[in-house]
Amino acid sequence: MTQLVSTRDSSATSLSYSDVLLSGLAPDRGLYTPVELPRLTLEELKELSALSYPDLYVRLKSLIVGTDMPTQVYVDIANDSFNETSFPGVESGNYVPVVQLASGQYLQNLSLGPTAAFKDMALQPLAREMDYVLRERGQKLRLLGATSGDTGSAAEAAIKGLGNLQLFMLSPHEGMSEFQRAQMGSLSGDNIHNISITGRFDDCQDLVKEIKLDPEFADLGAVNSINWGRISSQVPYYVSGYLQVVGDSVGQEIDVVVPTGNFGNILAGYFAKMMGVPIRRLIVATNENNVLHRLIQTGRYELQPAVVTSSPSMDISKASNYERLLYYLAGKDPTGVRAYMETFEKQGVVSLSDIGLSNDALKDAGFESGTSNHMSRIETIRSTYQQFGELIDPHTADGVYVAGHCRQEGVPILSMATALPVKFEDTIREAIGDIPPREERFVHLVAGGDGFEVMKPDSDILKRYIQKHTNL
Ligand SMILES: *Cc1c(COP(=O)(O)O)cnc(C)c1O
């Protein structure tokens with residue numbers, strides 16, 4: 001079984017997958033992460049290409065997690081999560097299809113799920129895994145999260161109706177697209193509480209942190225990508241993407257570009273690479289909030305107040321999951337990670353040399369990066385549509401733009417498409433002069449303030465609200 005430890009715990013106390021699933025940060029504020037991952041040979045990798053996505057999911061999850069859950073549970077969860085009702089756009093059973101844009105240039109669509117963002121790929125199974133563990137233990141769990149858009153609706157669509165879970169989701173009053181707002185609003189009710197904070201996304205995140213310091217609320221679980229359950233569920237689509245790009249040439253190296261915010265999606269790519277998938281470079285694409293781009297290029301990790309952009313799900317001031325990568329780069333040294341992260345938390349800036357690494361350590365580990373801005377996104381959406389007939393969303397455009405700059409002759413490059421363009425109609429109109437047609441399932445969504453409790457960024461008010469509405 002994969003041993004899970006906190007990135008900051010020098011006693012290396014190991015927790016079970018189920019325990020980690022239900023908790024957020026470790027008590028020492030580190031992130032739970034596996035000490036080792038299983039390795040796949042090229043032969044084994046080749047055999048995986050015969051599997052459907054749900055079967056691939058089950059195989060990899062059981063490999064990564066081990067026997068903590070019976071395999072049948074993964075089978076049931078995969079069937080409940082990945083089917084044609086939840087993923088109506090799926091053709092020929094391919095839930096994560098790769099299309100070729102040009103010679104050596106590929107795009108993988110991860111957004112065919114219920115809320116049209118890649119977060120469905122992990123949150124659909126995550127909510128069901130949580131529900132299963134709670135049922136087994138006779139427990140219930142309240143969850144608290146913050147979203148700038150996509151996490152909110154993906155978590156809500158997954159958790160809605162699961163009786164052992166109750167979700168309180170904070171979102172900024174301004175900043176989400178109309179579609180995202182309408183989508184979340186439509187999911188309110190039952191065990192889903194949408195709280196609109198009159199502030200920015202950072203205010204929402206600060207509230208989550210503050211509330212969890214109160215012992216009375218310390219048991220609240222997390223749905224963001226600090227949850228290992230989410231990251232581990234994202235590994236399968238990297239394996240599938242790789243196999244679709246290389247076809248019969250398993251063993252050939254490819255580059256992968258990922259539009260990145262909290263470093264959750266691309267970290268799953270790193271784990272796929274650790275497991276033996278021949279990914280040569282993992283390329284981080286940021287928007288104007290380019291904390292990670294600067295880290296990779298200079299070795300300095302520096303907090304930067306987030307600005308609102310037209311790829312809002314990547315508007316971050318720091319990238320939580322980077323701590324997990326650091327744990328491996330620093331030779332699994334929790335004492336070093338703790339000191340480094342505490343320096344960052346105190347001073348807002350830290351260098352790779354502070355933990356004894358070269359400033360190129362991320363590049364040496366196979367990372368590369370690029371950054372974009374509003375105009376490059378607009379231009380990329382327009383040109384990708386005109387040249388290849390593919391309409392991409394602004395986050396995907398950040399990636400495709402960076403892919404154009406980082407491409408190297410002879411190495412196929414795969415860009416991850418992380419949301420459908422329908423979620424960002426205003427930006428699409430600016431790029432191509434028209435909005436994308438809405439699929440039948442999204443036609444009913446209309447913007448309005450419905451479904452949200454509007455609240456000042458005040459932790460006492462929020463605590464009272466949560467207490468009053470807890471009904472588990
Ligand atoms: C969440 C999100 C991202 C960023 O993913 P991370 O795991 O935070 O790096 C990128 N694109 C879209 C559309 C998203 O919803």
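Based only on Cα atoms, what mean projected area does the convex hull of segment 305-372 have, in nm²? Mind dumping the intermediate values first?
Values: hull surface 20.8 nm².
Mean projected area for segment 305-372: 5.2 nm², to one decimal.
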Per residue, the convex hull enclosing the alpha carbons of segment 5-117 has a volume in Å³ of 168
Near the amide H of Leu101, under 5 Å away, which other amide H atoms are found, from residues 5 or more places off or on another chain, if H is placed in the peptide plane? Tyr106, Leu107
Nothing charged except the Cβ atoms of Lys and Arg (+1) and of Asp and Glu (-1): what's the magnitude of the dipole of the chain about its Cα centre? Round to the nearest 20 debye. 520
Taking 8 Å as the Cα distance limit and 6 or more residues as the minimum spacing, I'd like the relative contact order of segment 34-132 as a percentage. 20
Exposure of Val35 as accessible area (Å², to 10), given a probe of 1.4 Å and all protein chains: 30
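May I ask what percent, to the nearest 5, of DSSP beta bridges between residues of the chain are antiparallel?
On the way: 14 of 50 bridges.
Expressed as a percentage, antiparallel bridges in the chain total about 30.
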Rg/Rg_globular for segment 379-457, with Rg_globular taken as 2.2 N^0.38 Å and Rg from C-alpha atoms: 1.40
What one gets for segment 83-198 as the Kirkwood radius, inverse of mean 1/r over different Cα pairs in Å, is 15.4
Peptide ranges 360-369, 201-210 listed from the most packed, as the mean C-beta count within 10 angstrom indicates: 201-210, 360-369
If amide H atoms are modeled at 1.01 Å from N in the peptide plane, then the residues at a separation of 5 or more from Glu453, or on another chain, having amide H under 5 Å from its own are Asn194, Ile195, Ser196
Remind me, what semi-axes does segment 59-132 give for its equivalent ellipsoid, largest first in whole Å, using sqrt of 5 times each Cα gyration tensor eigenvalue? 26, 15, 11
Taking K and R as +1 and D and E as -1, what net charge do the other residues with C-beta under 12 Å from the C-beta of Glu345 add up to? +4
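What number in nm² do you get for the chain if you take the convex hull of its Cα atoms and divide its surface by four?
Averaged projected hull area, Cα only: 20.2 nm².
Given Lys346/Lys468; Lys61/Lys463; Lys140/Lys318; Lys318/Lys363, which pairs have Cα atoms separated by over 26 Å? Show your work: numbers first, answer last.
On the way: Lys346/Lys468 35 Å; Lys61/Lys463 36 Å; Lys140/Lys318 31 Å; Lys318/Lys363 19 Å.
Over 26 Å Cα-Cα: Lys346/Lys468; Lys61/Lys463; Lys140/Lys318.
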Can you give the FRET efficiency for Val349 and Ala12, using 1/(1 + (r/R0)^6), R0 = 30 Å, r = Cβ-Cβ distance, to the nearest 0.05? 0.55
Give me a comma-separated list of calculated 3J(HN,Hα) values for segment 40-46, in order, Karplus coefficients 6.51, -1.76, 1.60 applied at θ = phi - 60°, integers in Hz, x for any Gly or Pro. 9, 7, 4, 4, 5, 4, 4
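Only four residue types carry charge here, +1 at the Cβ of Lys and Arg and -1 at the Cβ of Asp and Glu. Report the dipole size of segment 44-168 about the Cα centre in Debye, rounded to the nearest 20. Please list the in-between numbers first.
Numbers: 10 positive and 14 negative charges, 75 e Å.
The calculation lands at about 360 debye.
Over all directions, how big on average is the projection of the convex hull of the alpha-carbon atoms in segment 95-145, in square nanometres?
On the way: hull surface 20.0 nm².
Result: a mean projected hull area of 5.0 nm².
Just from its helices, what would the mean residue ellipticity at 222 nm be for the chain, if runs of 4 or more DSSP H residues each count -39500 (n - 2.57) and the sum is divided by every residue, rounded to the nearest 500 deg cm²/dmol? Mind showing how you got there, number by number?
Numbers: 18 runs with 200 residues, N = 472.
When only DSSP H runs of four or more count, the value is -13000 deg cm²/dmol.
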Residue-by-residue Karplus 3J(HN,Hα) for segment 334-351, coefficients 6.51, -1.76, 1.60, Hz, glycine and proline x: x, 5, x, 4, 4, 4, 4, 5, 5, 4, 4, 5, 7, 9, x, 7, 7, 10
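Let me know the shape class of segment 335-430, please: from the alpha-carbon gyration tensor, a ≥ b ≥ c as square roots of the eigenvalues, rounded when a/c is under 1.5, otherwise prolate if a/b is greater than b/c, or oblate.
Prolate.
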Treating segment 203-286 as a set of equal point scatterers at the Cα positions, no solvent, please give the Debye-formula log₁₀ I(q)/I(0) at q = 0.10, 0.16, 0.26 Å⁻¹. -0.35, -0.68, -1.24
Per the C-alpha gyration tensor (a ≥ b ≥ c, the square roots of its eigenvalues), segment 313-472 is rounded if a/c is under 1.5, else prolate if a/b beats b/c, else oblate; here it's oblate
Whole-Hz Karplus couplings 3J(HN,Hα) for segment 407-416, θ = phi - 60° and coefficients 6.51, -1.76, 1.60, Gly and Pro as x, run 4, 10, 3, x, 10, x, 10, 10, 9, 8
State the Cα centre-to-centre distance between segment 303-367 and segment 185-237 in whole Å. 21
With 5 Å bins from zero, work out the P(r) of segment 109-264 over every alpha carbon pair and list the percent per bin. 1, 9, 17, 20, 20, 14, 8, 5, 4, 2, 0, 0
Which trypsin sites (Lys or Arg not before Pro) in segment 12-74 sit in a loop by DSSP (not H, G, I, E or B) and have at most 11 other Cβ atoms within 10 Å of their own Cβ? Arg39
Once all Cα-Cα distances of segment 183-327 are split into 5 Å bins that start at 0, what whole-number percent is in each one? 2, 8, 14, 17, 18, 16, 11, 7, 4, 2, 0, 0
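I need the semi-axes of the equivalent ellipsoid of segment 254-351: take the C-alpha gyration tensor, multiply each eigenvalue by 5, square-root it, list largest first in whole angstrom.
Working: eigenvalues 88, 79, 19 Å².
After scaling each eigenvalue by five and taking roots: 21, 20, 10 Å.
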List the residues whose amide H sits under 5 Å from the amide H of Ala146, counting only those 5 or more places along or on another chain, with H placed 1.01 Å from N in the peptide plane. Leu170
Relative contact order as a percentage, segment 328-472, C-alpha pairs under 8 Å and 6+ apart, gives 15
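The values are calculated or read from the model by the stated rules, or taken from the named source; none is laboratory data. Please read all numbers here as calculations on a predicted model, not as lab measurements. Methodologically, a virtual Cβ is constructed for each residue, glycine included, from the backbone with ideal geometry; neighbour enumeration extends over all protein chains shown. When the accessible area is computed, the model is the full protein with side chains, heavy atoms only, and any ligands, DNA or RNA have been set aside. Shrake-Rupley method; radii C 1.70, N 1.55, O 1.52, S 1.80 Å.
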